[in-house]
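All remarks here apply to the structure that follows.
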Amino acid sequence: MDSAVCAALAARDYDAHALHFSYGQRTEARELKSAQAVAESVGIHDFLPLQMGLFRRIGGSALTDQAIAVPEASANEVIGASIPVTYVPFRNAHFLSAAVSWAEVIGAKQIFIGAVEQDSSGYPDCRPQYYEAFQRLIQLGTRNGDIQIITPLIHLKKSEIVRLGLELRAPFHLTWSCYSGEDEACGVCESCALRLRAFREAGLEDPITYAGMSRN
């Protein structure tokens with residue numbers, strides 16, 4: 001959802017190219033299908049899917065390690081109060097590194113990423129300081145040092161992202177946020193819970209289908 005809104009913003013203002021990462025996550029095939037559809041819908045110029053096998057081999061996350069169950073969102077614990085088992089260790093650094101490499105090749109000067117700090121699962125690689133530090137790495141480690149990381153959603157609440165997506169005509173019906181389901185979203189993992197709450201707070205109906213939920 002966040003990535004789709006971010007892509008819509010980038011495509012509105014730039015000749016945008018998109019990267020998608022299949023990194024061994026449980027919903028790998030479903031996410032790729034969604035990313036391709038979103039890219040086509042918002043007018044992405046070029047779509048580059050990449051395979052990254054290291055996270056499945058490393059393990060340590062419920063998203064990439066079948067031995068670790070994806071937890072249901074707790075009714076009592078605040079989401080984001082602690083780092084959950086769905087955190088993929090240092091994942092966004094790998095994503096950004098690949099994006100910077102491609103940006104240097106094609107001459108792109110901005111890299112958009114849909115990281116969100118508020119109303120999120122509490123991942124440490126979604127904090128503003130993380131991207132400020134990575135910006136310094138780009139300045140030191142690239143040919144011209146002038147590629148910028150853009151995090152347009154990082155300070156927004158999820159409901160605000162939904163409203164922004166509505167203004168941008170972002171294709172929410174094509175997006176996929178669930179950590180475990182591929183035919184239907186489970187509706188109970190933290191990602192589903194955050195998404196459902198965001199649409200509810202925005203006064204809108206989520207257009208995707210959830211397991212066991214009526215669409216009345």
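Throughout, read-outs are computed from the coordinates displayed, never taken from laboratory work. Source: prediction; values computed, not measured. Cβ sites come from the backbone with ideal geometry, for glycine too, and all protein chains shown count toward neighbours.
A compact table of results
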| item | result |
| --- | --- |
| Theoretical gain in end-to-end length, Ser74 to Arg136 [0.36 nm per residue, Cα-Cα removed] | 18.6 nm |
| Degrees separating the helix 2-13 axis from the principal Cα axis of the chain, which is the longest one | 40 degrees |
| Counted charge near Ser61, where neighbours are those whose Cβ lies closer than 11 Å (Asp, Glu -1; Lys, Arg +1) | +2 |
| Most to least packed among 116-123, 26-33, 3-10 [average Cβ atoms within 10 Å] | 3-10, 116-123, 26-33 |
| Residues in the stretch 1-17 reached by a label modelled at Ala37 [backbone nitrogen below 13 Å; 7 Å Cα→Cβ] | 1 |
| Reported label for calculated volume of the Cα convex hull per residue in Å³ given [x] 120; [y] 103; [z] 138 | [x] |
| Nearby aspartates and glutamates by direct alpha-carbon distance to Lys109 (threshold 12 angstrom, same-chain neighbours under 8 apart not counted) | Asp15, Asp146 |
| Spatially proximal aspartates and glutamates relative to Lys158 (Cα-Cα < 15 Å; intrachain offsets below 8 disregarded) | Asp2, Glu117, Asp119, Glu167, Glu190, Glu201, Glu205, Asp206 |
| Gaussian network model of the chain, springs between alpha carbon atoms under 10 Å - residue of Gly114, Gly141, Gly165 with greatest fluctuation | Gly141 |
| Charge dipole (debye, nearest 20) of the stretch 129-168; +1 at Cβ of Lys and Arg, -1 at Cβ of Asp and Glu | 100 debye |
| Using a Förster distance of 25 Å, the FRET efficiency for His45-Gln148 (Cβ separation, nearest 0.05) | 0.85 |
